[in-house]
């Protein structure tokens, strides 16, 4: 306990430095600003803003990126409530009751509830990360390459189960992602793999290029196909702070949502995405009058929003302690850390405690800032929501191009985001989800390395994965959930959770 | 991914889920392509895994997924093929390429494009991209381009100091020693923003005469 307080003290001393506070603020603000634009989710936002953080020191850069992430998340909820367009998968549920509240002239209360529930969840999640960080890091230190490999397989298995739509398509996307990861020079032999003699592929496919193409450009193409039906609330925003009665109603939902979201968020393989859905389903099940849901029930905003934010934050746990990104956003964080020369994993905490704890402390500060800056700025966000898409997408496109060019200063990177954009567009058109691909891509590089290392250590005996108890258990879990996902009955209930509403 | 677009017309008949079938065929294609592309690599042994092992088995995996998906197109009912529009993808790709080849000198074959810098590449990309939508209006896009380019120049070039060429190489050479790069950047950004403001005013004035236009001009709201 004393350790924890000491560590948090160190964290706050880092995060409360003038520069870091400013960066955290800036990150939250810019993140919300971009995230609030309809059709721009957190992944695209972070990918777009990644270059902005390059000039900073690693601590500042990560604090700002984390701020951007929360900001984008929060912006997604704002669009969900005000325009009925979820900024990303996890705020889909918020549209159900949040937008109804907005139509009833209670937009302000819905936004306020979302902000307060998120802040509460964020606070709990921050404490959880701080408490679990040290023990999990110790656990990670006894992990050998075989265990790491098994853990990543399990993460990918979870990602398959938790992806929307066909299991087969999710598996295919992950495999394609891993396949992309092996393009480029092989680290062990120095041989070029599948580069076709193109010099820009020698170093492999750049992560930010792939992310920006799949999530920035592809999203533009997809939105261009849809004729715009934006249902911006014309009612007054109304009072922002929920009253005592509202709070009383929202509190239990917030508590449950936080618990659900935080637990699911720790799961490798994008557990966080399930949080809001599960929270909503539970709220609806235990409500005295389930018919209120879908018609502006405040619990339907508080529960999913707290689950969303708690999950968004506890997703940092596998990344910071084990070095394994559980979802696409965390995969972007890996990219950002690597650019700053930090290898995510158990070493971060011991080698640079100021970064580790500073980032954790800044999470809480970021949540507080969101609460403070967003509510008064609601009017600005509403105005932003009215920017027509015909002006927005050229701006997004230019920002992506400038951003990606400034990373490596090579024009082919810019062309590649176009290529991956087209690919992402095709994927969406054929019912594939691009997020598992990105996760597979990031884990792919690590997986091959660990696979090779563990087989070298075992002198080529593949049984090593089953002989070591930890890795055996992880493999069994992975196969069990994959098998379960293929069972018809479970598949049905999984579909139900996602289509609830 | 090179997903073939054939099979569009097979609505009836044995194909029950055209989307799965075509997606599956695309994955099979990608898998075969992967196997071919990695065929020159050494597989190695389990003890010392060669560079070719992972690519080979991954490609096989992708291909098998594709096969299963394609078969499921015959056995399960599923979504039809979605409608495609070519305008968006083509125009957006053009805009991106335009940006890539003008931002700095770029050699394609024997031809090298002149490096024009952000001040040209930016507006070019925005204006071309704007025509990907059906409601593009030139003046509006030009205004947007002027403001955004000015903003990006200040943000990326001045504040963040990122190594992005701002001006055409010829201009940079001519102005070396005459004006510090940063001053030049600020002057140019200011000029762009002023031009944008001017355009905005002009559009406002003309829109005042046509009351219908006012509602549509959301750039100013």
- Query: If you take the residues in segment B:73-97 that are more than 7 Å from chain A (Cβ to nearest Cβ) and assigned to a helix (DSSP H, G or I), which one is nearest to residue B:30 (Cα to Cα)?
  - Reply: B:73
- Task: Scan segment A:459-471 and give yes if some residue there is part of a helix (DSSP H, G or I), within 10 Å of chain B (Cβ to nearest Cβ) and either without any contact (Cβ under 8 Å) to a residue 12 or more places away in the chain or closer than 25 Å to residue A:204 by Cβ (or both), otherwise no.
- Result: no
- Filter result for residue B:183 (away from every other protein chain (no Cβ under 12 Å), out of contact with any helix residue (DSSP H, G or I) (no Cβ under 8 Å at 6 or more places or on another chain), farther than 17 Å from residue B:96 by Cβ and at pLDDT 80 or above): yes
- Exclusive hit being in contact (Cβ under 8 Å) with a residue 60 or more places away in the chain and surrounded by 14 or more Cβ atoms within 10 Å (Cβ to Cβ), set B:97, B:164: B:164
- Does segment B:103-116 contain any residue that is modelled with pLDDT of 90 or more and in a helix (DSSP H, G or I)? no
- Filter pass, residue A:128 being over 21 Å from residue A:366 (Cα atoms), touching a helix residue (DSSP H, G or I) at 6+ places or on another chain (Cβ under 9 Å) and away from every other protein chain (no Cβ under 14 Å): no
- Condition set facing chain B (nearest Cβ under 9 Å) and out of contact with any strand residue (DSSP E or B) (no Cβ under 9 Å at 6 or more places or on another chain), scope segment A:429-454, selection nearest to residue B:18 (Cα to Cα): answer is A:430
- Message: part of a helix (DSSP H, G or I), within 25 Å of residue A:147 (Cα to Cα) and either in contact with a helix residue (DSSP H, G or I) (Cβ under 7 Å, 6 or more places away or on another chain) or free of Cβ contacts under 8 Å to residues at least 60 places away in the same chain (or both): which single residue out of A:301, A:329 fits that description?
- Response: A:329
- Note on the structure: Matching residues in segment B:31-65 (part of a helix (DSSP H, G or I) and facing another protein chain (nearest Cβ under 7 Å)) number 9
- For segment B:119-136, how many residues are within 18 Å of the chain's Cα centre (by Cα) and at the interface with chain A (Cβ under 7 Å from one of its Cβ atoms)? 8
- residue B:108: touching a helix residue (DSSP H, G or I) at 6+ places or on another chain (Cβ under 8 Å) and either more than 9 Å from chain A (Cβ to nearest Cβ) or buried (at least 23 other Cβ atoms within 10 Å of the Cβ) (or both), yes or no? yes
- Query: How many of the residues making up segment A:392-413 are in a helix (DSSP H, G or I), at the interface with another protein chain (Cβ under 7 Å from one of its Cβ atoms) and modelled with pLDDT under 85?
  - Reply: 1
- Query: Residues in segment B:7-27: is at least one within 10 Å of another protein chain (Cβ to nearest Cβ), closer than 30 Å to residue A:463 by Cα and at pLDDT 80 or above?
  - Reply: no
- Report yes if some residue within segment A:103-115 is part of a helix (DSSP H, G or I), at pLDDT 85 or above and within 20 Å of the chain's Cα centre (by Cα); otherwise report no. yes
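The values are calculated or read from the model by the stated rules, or taken from the named source; none is laboratory data. In this text the structure is predicted, and so the values were computed from the model without any measurement. Cβ coordinates were reconstructed from backbone atoms using ideal geometry, including for glycine residues, and neighbour counts include every protein chain displayed.
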